[in-house]
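Read the structure below first, then the notes.
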Amino acid sequence: MMKLQETTHCHQKSTPASSPLASANSVADAFLKLSQPETGDVLTHLKLQKLLYYAQGYHLALYNVPLFEEPILAWEHGPVVQQIYHRFKHLGSASLPPPENYHSTDIFTPDQLALIIDVNTVYGQFSAWKLRDMTHNEYPWLVTPRNEEIRRDLIYEFFKNHLLKHDGEE
């Protein structure tokens, strides 16, 4: 499997801390725009939630600032951004529709967009349930009581250590 740091390595530390935070809705729309339902690459609500978690984690680890402001909660099926849950809960486990009139270059810096694409490339290949199982074995979710916010410092430390561990393997 391709590692995320291999694709984001050239982007490290170039996003200034003063870059505006995106919204979780904007990041969700970016992932939805990257899905290719015509080829069978559909994005479900469960899978989208996990991609948001990984994008937030790697952004924190690489740039020391969040990608989006909304908190991530430790729900039964893994990390969840509650605002995104409410946006799509009516669709259940159906594939999510791509956004209309969406222009990522109007919302994200080039480094933010590259990170979203990288997360989609690396983690988007897995099923929603595989991603759920992966997050259930990761420290931030394991130590956070169910339905509580996963602290950003826990996410930062976990993903920073993950990147450092894999940088040492190269």
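Throughout, read-outs are computed from the coordinates displayed, never taken from laboratory work. Not measured: the values here are computed from a predicted model. Cβ coordinates were reconstructed from backbone atoms using ideal geometry, including for glycine residues, and neighbour counts include every protein chain displayed.
Points worth noting:
- Value at 222 nm in deg cm²/dmol, rounded to 500, when DSSP H runs of n ≥ 4 in the chain each add -39,500 (n - 2.57): -15500 deg cm²/dmol
- Note that region 24-73 shows a convex hull volume over its alpha carbon atoms of 77 Å³ per residue.
- Charge dipole magnitude, Cβ of K and R +1, D and E -1 - the chain, Cα centre, debye nearest 20: 300
- Largest-first principal axis extents of the Cα set of region 28-119 (Å): 34, 30, 20
- Scattering curve values for the chain, log₁₀ I(q)/I(0), Debye with Cα scatterers, q = 0.11, 0.14, 0.15 Å⁻¹: -0.41, -0.68, -0.80
- Within straight-line reach of LYS130, meaning a Cα separation under 17 Å, sit the following aspartates and glutamates at least 8 residues removed in sequence or on another chain: ASP41, GLU76, GLU138.
- Electrostatic bookkeeping for HIS136 treats Lys and Arg as +1 and Asp and Glu as -1; over the other residues with beta carbon under 15 Å from its beta carbon, the sum is +2.
- Mean Cβ count within 10 Å, highest first, over the residues of peptides 134-144, 59-69, 91-101: 59-69, 134-144, 91-101
- For the chain, the membrane-span-like helix rule (DSSP H, alpha carbon extent of at least 20 Å along the helix axis, mean Kyte-Doolittle at least -0.5) picks out 45-63; this says nothing about an actual membrane.
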